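The structure appears below as structure tokens.
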Amino acid sequence: MKKPIYTKTGDKGKTSFFDGKKVFKSNRKVDAYGTIDELNSSIGVAIAHISNTKYQISNGRNRTDLGSVTDELEEIQNDLFEIGSALALTATLPVPQLKNRPEELEKFIDKLTIKMPELKEFILPGGTKGGSILHLARTIARRAERNIVELSRKEEIDPVILIYLNRLSDLLFTMARFVNFKEKKKEKKWRKK
């Protein structure tokens, strides 16, 4: 019989890092990598709701479409596993796989931005299911960033993690707008009272 994931003994509010050290689940590091996991799961839900029309070639050039968004989101999910794994140790490891990723995220933001109308006002989060979930993922990314900033005040954290999360929240916002734009869902502007 395959081994189940439960122990039947309860965990008394504790969990273990990958290297075996037991800590309470309220530990800041556990909260940080738990939020990374939550972010990763929300991105999985977004992917499930976005039409996956793969790259199409037009006049010899790649055309940015929803397939490119879901492809990038899957890359981001892998990045988040790297971050979570680095945090799930007593001493956080560096994440060399992320070295060039912030710049790659910026390029993807630029690629999507030129395809959409210029944003001149604040917009309300929402739109299509995929766009709405990407807005939610953006807020989870911001929380993950705040958690890891707080953690970095107590222990050494690879600075690229914070840079990456900051760019990621910008990309998720841009992706939310792009998905809504491609699915012809008009953005609702914030009406200041």
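Every condition in (1) surrounded by 13 or more Cβ atoms within 10 Å (Cβ to Cβ); (2) under 19 Å from Ala176 (Cβ atoms) holds for Leu93 except the one numbered (2). A count restricted to the range 137-159 and to residues that are surrounded by 19 or more Cβ atoms within 10 Å (Cβ to Cβ), in a helix (DSSP H, G or I) and in contact (Cβ under 8 Å) with a residue 40 or more places away in the chain stands at 7.
Rule-based calculations on the coordinates, nothing more; no lab input. The structure displayed is predicted, hence computed values, not measured ones. Because the Cβ atoms are built from the backbone with ideal geometry, glycine has one as well, and the counts that use them run over all protein chains shown.
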